[in-house]
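The values are calculated or read from the model by the stated rules, or taken from the named source; none is laboratory data. On a predicted model such as this, the values are computed, not experimentally measured, just so you know. Glycine gets a Cβ as well: all are built from the backbone with ideal geometry, and neighbour counts include every protein chain shown. Ligands, DNA and RNA are stripped out before the accessible areas are found, and what is left, the full protein with its side chains, is counted by its heavy atoms. Shrake-Rupley method; radii C 1.70, N 1.55, O 1.52, S 1.80 Å.
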Amino acid sequence: MDYSEKTIEMARLIAENCTSCKRCMKDCLFLQQYCQDPQKLFQQFLEEGLEPIIPYSCMLCGRCSVVCPLQLKLDEAFLAIRQDLIKDGLPLKELKSVEWHQKLSTSRLFSAVNRGDKK
Ligand code: SF4
Ligand code: SF4
């Protein structure tokens with residue numbers, strides 16, 4: 001898997017600056033479940049990548065960047081990883097239903113247009 005330069009740079013910023021204070025982990029069940037701390041997680045990403053379930057489990061709520069003393073943006077990094085993964089095809093079978101929903105909900109077959117000009 002080839003990640004973009006932008007994604008690598010975001011991950012490197014976290015891996016090199018995170019002090020492992022774990023302030024961001026206090027209220028984040030996702031981080032508590034998937035990592036010892038963000039520094040180690042992003043170091044692991046740089047060395048060997050991550051299972052797609054990990055970046056896809058982040059809620060992208062942004063709370064971590066609010067409480068982080070360094071304002072490290074974990075949510076933006078997880079989103080960037082997701083954007084790279086999806087370019088390579090569906091990274092998770094669970095996303096199949098999302099793909100179908102998007103195809104069907106924009107299909108003319110299932111779309112109704114009410115212009116409001118008929119009684
Ligand atoms: S954006 Fe992701 S990592 Fe940050 S607090 Fe929310 S769920 Fe946790
Ligand atoms: S709050 Fe910031 S510095 Fe502390 S562990 Fe989380 S990402 Fe690292």
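Among the conditions (1) more than 27 Å from residue 94 (Cα to Cα); (2) under 15 Å from the mean Cα position of the chain (by Cα); (3) more than 9 Å from ligand 2 (Cβ to nearest atom), residue 72 misses just one, which is (3). Close contacts from segment 48-66, counting a first residue that is closer than 10 Å to residue 30 by Cβ and polar (S, T, N, Q) and a second that is at pLDDT 95 or above and open to solvent by 60 Å² or more (accessible area, probe 1.4 Å), with Cβ to Cβ under 8 Å and a gap of 6+ residues or different chains, come to 57/33; 57/34. With the structure loaded, tell me whether residue 26 is near ligand 1 (Cβ under 10 Å from one of its atoms) and open to solvent by 90 Å² or more (accessible area, probe 1.4 Å) or whether it fails that test. Here the answer is yes, as residue 26 does meet what is asked. Restricted to segment 11-23, and to residues there that are within 17 Å of the chain's Cα centre (by Cα) and within 18 Å of residue 69 (Cβ to Cβ), the residue that is most open to solvent (accessible area, probe 1.4 Å) is 13. Do you know which of the residues in segment 47-63 that are away from ligand 2 (no atom under 15 Å from the Cβ) and over 13 Å from the mean Cα position of the chain (by Cα) is nearest to residue 15 (Cα to Cα)? Top of the filtered list is 47. The set of residues in segment 75-93 that are under 11 Å from the mean Cα position of the chain (by Cα) and not hydrophobic (A, V, I, L, M, F, W, C) comprises 75, 76, 82, 83, 84. Filtering segment 9-35 to residues that are touching a helix residue (DSSP H, G or I) at 6+ places or on another chain (Cβ under 7 Å), more than 16 Å from residue 61 (Cα to Cα) and of a type outside the set (S, T, N, Q) leaves 10, 11, 12, 14, 15, 18, 34, 35. Selection of segment 29-73 for residues being within 19 Å of residue 3 (Cα to Cα), surrounded by fewer than 16 Cβ atoms within 10 Å (Cβ to Cβ) and near ligand 1 (Cβ under 9 Å from one of its atoms) yields only 57.
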